[in-house]
Every structure is written in structure tokens, then in C-alpha cells.
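S.K.: Quick one: this structure, given as C-alpha cells, is what I'll be asking you about.
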Amino acid sequence: MQTLRLTTTEKCAMVNITAEVKRLVQESGVRRGLCLIHAPHTTAGIAVQEGYDPDVARDITRALNEQVPDEGDYQHAEGNSPAHIKSLITGTGQVLPIEYGTLQLGRWQAVFFCEFDGPRERTAWVQIINAEG
Amino acid sequence: MQTLRLTTTEKCAMVNITAEVKRLVQESGVRRGLCLIHAPHTTAGIAVQEGYDPDVARDITRALNEQVPDEGDYQHAEGNSPAHIKSLITGTGQVLPIEYGTLQLGRWQAVFFCEFDGPRERTAWVQIINAEG
Amino acid sequence: MQTLRLTTTEKCAMVNITAEVKRLVQESGVRRGLCLIHAPHTTAGIAVQEGYDPDVARDITRALNEQVPDEGDYQHAEGNSPAHIKSLITGTGQVLPIEYGTLQLGRWQAVFFCEFDGPRERTAWVQIINAEG
């Protein structure tokens, strides 16, 4: 299992980590298998979404902010319950196929680390499973 | 990895693809392992939900439409940001167990391709991983 | 594949099942691989979230109740459409890495069975995949 390190620069943002994940798959030498990307955090998530127009990530981030308002009847003392809720909605992990030695994504898809309680130092775990004989 | 092709007929709909996924698992001959179903799209998703009463899928689709209204302060030029947001909420992939050569689902569960920006030609990827010696 | 049995005691609640999942991983003897946790239900889910302060789970449960109100224009005759919608938002499965014979979770992460239509007898499936030669 390998660890990607990233520094987020905003409270809420989607950081495109596709290139780093693809590189790890390439370096693993695995031809066919699974790639698990996991955010080991409770106020962040992993999503596969459009990586071409950055307005998509901005619209998603804003929509989540509207659905989960900063102020509310929250009891968690740290005051970041909205970030936990967004993490649950997004999910903390994603499994993607590896074929022909390459991470498989749809034409417009990218892998995003979703920050909901930044800015911070964060990590994403990447585990690559070989499914060949 | 195999590709299912489907044609969606509505803007938003949940299409039951359980039979096709089960058939691919059967044909693979894999007795024990994992089945990854992935929608290689950014305005669609994969969900496991009730397949018995079609009103469940209709109620879910309608609830997502209410949570993510068509009109809003969206910047993405293509105008389909609500579909991207619904895709993030739903998730683009699902991993299910294979045991005894059969896709394992709960009694009322079915696999759905969730269309949020149709009608369109779509694909779903199915990757079957053998976990036996 | 193994089955965890649990009895939920509330309509909506997040039940921490980390200890049981960790035990199954330990007992499997698998050093490196994947652990799939799947809720074979359509009104429940699996989430990885903070397990330290129980107020987090309470805040998440309450936020979902607000986002998906009990009363609405639902057609499903059983009357539990909100539970199905929460299940779709949460997701029914989660894949986690196994390394060094141990389930890998972030420092504050725990595995939760999310009940949305309890109280009930429920099950969670745990499938452990060996990824070593």
C-alpha cells in the first residue's frame, strides 16, 4: 500500500490526484487487477468525477455546501460536523479497474481527493491488487 | 473487463442491470471473487437498491431531483451540473462478492445503472476478479 | 464470505462494527488483501466515519433525516422510501485494505452499519480476499 501526500489550500475543494494514482499503477507493473484509493480521514472523501472543466468540481463543492449548511443543530464539539456529513455523502473510498497495465477511467473521469475541512496536510492510500495468475 | 451497453430513455432513471451482471459472472466461471461494476461516466452512477417495486427507484429519482434542483447558481457551461452532483452522491462504482459462482446480493437488492443526464447511449464496465488459488 | 448479525434498536442509527470486522480479518490469516463489507439490505448502508465521538454519528443521522424528510410525495407502498434514499446516499458497501494481517483504517475511522428503517435484525457480509502469491 502506498501513501500520497497532499496539502489542501481551501476549506472545501476537490483536488485532482489522477496523475499520481496512474503513476503508482504504472510503477507497480500490475497488468490486470484492482486499484483501491482510500482517504484515511473522516472529513474528506474520494470521488470519480469530471476532470476537464474545473467548474464541475466548483459546482459540486458549492452544492454540497448548500445541502449541508455550516450552521445547524450540531452537537459534535469540534464544530466540523458538516465536513463529516459531506464525507459520508461522498464516500471515503473508490475501487477502479486496472487493465493492460493502466488505470481504467471513463473519457472525462478523474480521481479527486475531496477536502471538506481544510486547509490541511492530508494523505490518500493507494492499494494495487494483482489479479493475474 | 467487459462492457455492457445500454440506451437510457429518460433524463433521470434507474435501469436494472442485475440480469446482465449475473450472466457475466456465470460465464466467467469464477467461483469466488469480486465483481466491480463501474459507470465510466460523470453524469451517471451505479447503485444497489430494491429491484422489486419500481416505485422505490422512482421515489429515489424524484428525491434526488428535489435535493439537486435543475436551476441553481451553476457555472459549468454545459448546464448539466445537477447531473454531476447526483453522480457524486450516488457514486460511480460498486464492488460485490462472488461466492459459489454466483453474484451475491441481498434478497431485495438489484444493481442499477443510474442515469442523470439522459436519454443517451451508455456503458457500464464489469470486471470480475478471481480470488481462488 | 462471513455474516455478522446485529440487532438495531432505533429507527435510524449508525452501529460501530469495527471490532467484529477486525476480528474476522485477523482470523482469516490474510496478510495482504481486500476486505469487502456489504449490507445486503435496501434500507441500510455501510459507512466509514469517525468512531471516537458518538456525537458525529448522531449529527450525521440527524442531517440525513433533515435532507430526506419522513413525509413527502412518496409512492412506494411500504412507506419507507426515505430509508431507501438514505441507503443510496450512504452506499451499501465499502472496500478496505488489509496490510500486515490487519484491517487498515485511518486513525479516527470506524466501520459503521447504518440503519435507516429499524429496529430490526440485520446482517452485514464480510468477504476477505487474499492478494498474496
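S.K.: Quickly work out the A:Gln26-to-A:Glu121 label distance, labels modelled 7 Å from Cα along the C-beta direction, and quote it in nm with one decimal.
M.R.: About 2.8 nm separates the two model spin labels.
S.K.: Which net charge results when you count Lys and Arg as +1 and Asp and Glu as -1 among the other residues whose beta-carbon is under 13 Å from that of B:Asp55? The partial results should precede the final answer.
M.R.: Values: positive: B:Arg58, B:Arg62; negative: B:Glu50, B:Asp53, B:Asp59, C:Asp73, C:Glu78.
Cβ neighbours under 13 Å give a net charge of -3.
S.K.: Only loop residues by DSSP count here, and only those with at most 14 other Cβ atoms within 10 Å; note down the trypsin sites (Lys or Arg not before Pro) in the stretch A:84-133 that meet that. Don't skip to the end; give the middle numbers.
M.R.: Numbers: sites: A:Lys86, A:Arg107, A:Arg120, A:Arg122; in loops: A:Arg107, A:Arg120.
In loop regions of the stretch A:84-133 (DSSP not H, G, I, E or B), the sparsely surrounded trypsin sites (Lys or Arg not before Pro) are A:Arg107, A:Arg120.
S.K.: Give, rounded to the nearest 20 debye, the magnitude of the charge dipole that the protein assembly as shown has about its Cα centre when Lys and Arg contribute +1 at Cβ and Asp and Glu contribute -1 at Cβ. Numbers along the way, then the final one.
M.R.: Numbers: 36 positive and 51 negative charges, 338 e Å.
With Lys and Arg at +1 and Asp and Glu at -1, about 1620 debye.
S.K.: Report the convex hull volume per residue for the stretch C:1-72, counting only C-alpha atoms, in Å³.
M.R.: 121 Å³
S.K.: Of the heavy-atom accessible surface of the stretch A:1-41 (probe 1.4 angstrom), what whole percent is carbon and sulfur? Could you put the intermediate results ahead of the total?
M.R.: Details: 900 of 2020 Å².
The computed percentage sits at 44.
S.K.: To check my understanding: the extent here is largest minus smallest coordinate of the Cα atoms along each principal axis. What are those three numbers for the stretch C:83-133, in Å, largest first?
M.R.: Over the stretch C:83-133, Cα extents along the principal axes are 41, 23, 19 Å.
S.K.: Something else now. Can you pull the one-decimal nm distance between simple spin-label points at C:Arg107 and B:Thr3, each 7 Å off the Cα toward Cβ?
M.R.: It works out to 4.5 nm between the two label points.
S.K.: A further question follows. Give me the dipole magnitude in Debye, nearest 20, for chain A about the Cα centre, with unit charges on the beta carbon: positive for Lys and Arg, negative for Asp and Glu.
M.R.: Using Cβ point charges on Lys, Arg, Asp and Glu, chain A gives about 560 debye.
S.K.: Label B:Asp55 and B:Thr18 with points 7 Å out from Cα along Cα→Cβ: what is the distance between them in nm?
M.R.: That separation, rounded to one decimal, is 1.8 nm.
S.K.: Let me know the shape class of the protein assembly as shown, please: from the alpha-carbon gyration tensor, a ≥ b ≥ c as square roots of the eigenvalues, rounded when a/c is under 1.5, otherwise prolate if a/b is greater than b/c, or oblate.
M.R.: Because its axes are fairly even, with a/c under 1.5, the protein assembly as shown counts as rounded.
S.K.: Another question, then. Work out the charge dipole of the stretch A:6-98 with +1 on the Cβ of Lys and Arg and -1 on the Cβ of Asp and Glu about the Cα centre, then indicate which of A:His38, A:Gly79, A:Gln49 is farthest towards its positive end.
M.R.: A:His38
S.K.: Considering only protein heavy atoms, what is the solvent-accessible area of A:Leu96 at a probe of 1.4 Å, reported in Å² to the nearest 10?
M.R.: Approximately 0 Å² of A:Leu96 is accessible to the 1.4 Å probe.
S.K.: Can you tell which of A:Leu88, A:Gly106, B:Ile98 lies farthest toward the positive end of the dipole of the protein assembly as shown, using +1 and -1 charges on the Cβ of basic and acidic side chains (Lys, Arg; Asp, Glu)?
M.R.: Result: B:Ile98, furthest along the dipole toward the positive end.
S.K.: Need one value for C:124-131: mean number of C-beta atoms belonging to other chains within 10 Å of its residues' C-beta atoms. Display every interim value, and only then the final one.
M.R.: Numbers: counts 0, 5, 1, 10, 1, 11, 4, 9.
Average neighbour count from other chains, rounded to a whole number: 5.
S.K.: Now for a separate question. Using a 10 Å cut-off around each Cβ of peptide C:78-90, what is the average number of partner chain Cβ atoms that fall inside?
M.R.: Counting other chains' Cβ atoms within 10 Å and averaging over C:78-90 gives 6.
S.K.: Mind checking the per residue accessible area of chain C for me, 1.4 Å probe, whole number of Å²? If you can, show how the numbers build up before the last one.
M.R.: Working: 5470 Å² over 133 residues.
The answer is 41 Å² per residue.
S.K.: I would also like to ask the following. Percent of Cα-Cα pairs per 10 Å bin, from 0 to the last occupied bin, for chain B, please list those.
M.R.: Spelled out per bin, shortest first, that is 12, 42, 30, 12, 3, 0.
S.K.: Mind checking B:108-120 for the average number of partner chain beta-carbons within 10 Å of each residue's beta-carbon?
M.R.: Shielding by partners across B:108-120 averages 1.
S.K.: Now a separate question. Would you kindly work out, in nm and rounded to one decimal, the distances from the label point of C:Thr18 to those of the same position in each other copy, ordered shortest first, with label points 7 Å along Cα-to-Cβ?
M.R.: 3.4, 3.4
The values are calculated or read from the model by the stated rules, or taken from the named source; none is laboratory data. All values reported here derive from a predicted model rather than from experimental measurement. Cβ coordinates were reconstructed from backbone atoms using ideal geometry, including for glycine residues, and neighbour counts include every protein chain displayed. The area values use the complete protein model at the heavy-atom level, side chains included, leaving out ligands, DNA and RNA. Shrake-Rupley method; radii C 1.70, N 1.55, O 1.52, S 1.80 Å.
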